[in-house]
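Notes for the one structure printed next.
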Amino acid sequence: MAGEVEITIRPLEVSDARAMFAELQDLRIYTFIDQRPPESLERLQERYGVLCGGAPPGLGERWLNWIILNAESGKPLGTLQATIDEKTQRASIAYVLLPKMWGRGIASRATQWLLDHLRDDYEVTETQVEIHEHNARSLNLARRLGFVDVEVCREGDHNEVVLRRGLKDDRKSPTT
C-alpha cells in the first residue's frame, strides 16, 4: 500500500507514558471504552507500572502489554494488551490506536501481529475481544481478522459484543 506507515511493536515500558500522555487526551479514544484520559503524567506512569509489572501472583493470569510505534520516527501509535488465562491458554485482547492513525491499516496489522505472537510464543489456543455494540470500525476489524460473534453482554448503558477466534497454525491475513 502506497504511503503505508511501517510499525514496530515492543513491550510497553513505564517510560512510554511520557510520549503517550498527550496523545491519550484525545476524547475520541474513549467514545466506546469505559475509560477516561489519564489525569496526569504521574497517573499514567503508575498505570503503566502496574501493567508492566504483570498480574499479581496466584491470579492465574499473565498480563502482556505492548506499544505500537512508527518504525521511522519512533512516535507512539497505540497499544496492545493481552490477558492470558494460564489454565485454559485463552487470551482476552484489547487494542487502542490513536485517532490520527485510524483507517490506515495499522490496527489490522498490529492485531494480526498480536494474534500470531500469542499463538507462536505463548501457545494461546483461543482469543476473545469485547467491543462496544456501536463501535463499527472495531467490530469490522475483528471480523476481518476471523473473529466470530458469540454473545452480547449488557455493560451498564450499552451492550458489548463478545467475539472469539481460535488460533491454529494457519495465518489469517488481514484485509486492509
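The values are calculated or read from the model by the stated rules, or taken from the named source; none is laboratory data. Since this is a predicted model, take the numbers as computed values, not measurements. FYI the Cβ positions are ideal-geometry reconstructions off the backbone, even for glycines, and counts take in every protein chain you see. Note: areas computed on protein heavy atoms with side chains; ligands, DNA, RNA excluded. Shrake-Rupley method; radii C 1.70, N 1.55, O 1.52, S 1.80 Å.
Would you mind stating whether Asp120 is part of a helix (DSSP H, G or I), over 15 Å from the mean Cα position of the chain (by Cα), modelled with pLDDT of 90 or more and surrounded by fewer than 19 Cβ atoms within 10 Å (Cβ to Cβ)? In short, yes. I'd like the full set of residues that are open to solvent by less than 60 Å² (accessible area, probe 1.4 Å) and either hydrophobic (A, V, I, L, M, F, W, C) or not in a strand (DSSP E or B) (or both), limited to region 54-66. Across region 54-66, the qualifying residues are Gly54, Ala55, Gly60, Leu64, Trp66.
In region 67-88, of all residues being of a type in the set (Gly, Ala, Ser) and crowded, with 16+ Cβ neighbours inside 10 Å, the one that is nearest to Arg164 (Cα to Cα) corresponds to Ala82. Per the listing Ala107, Ala91, the residue uniquely within 24 Å of Arg36 (Cβ to Cβ) and either touching a helix residue (DSSP H, G or I) at 6+ places or on another chain (Cβ under 6 Å) or open to solvent by 30 Å² or more (accessible area, probe 1.4 Å) (or both) is Ala107. Scanning region 33-45 for residues that are of a type outside the set (Lys, Arg), free of Cβ contacts under 8 Å to residues at least 60 places away in the same chain and farther than 13 Å from Met20 by Cα yields one hit, Gln35.
For region 1-43, the set of residues classified as open to solvent by 80 Å² or more (accessible area, probe 1.4 Å), outside any helix (DSSP H, G or I) and aliphatic (A, V, I, L, M) consists of Met1, Ala2, listed by residue number. The number of residues in region 142-162 that are modelled with pLDDT of 95 or more and surrounded by 13 or more Cβ atoms within 10 Å (Cβ to Cβ) comes to 6.
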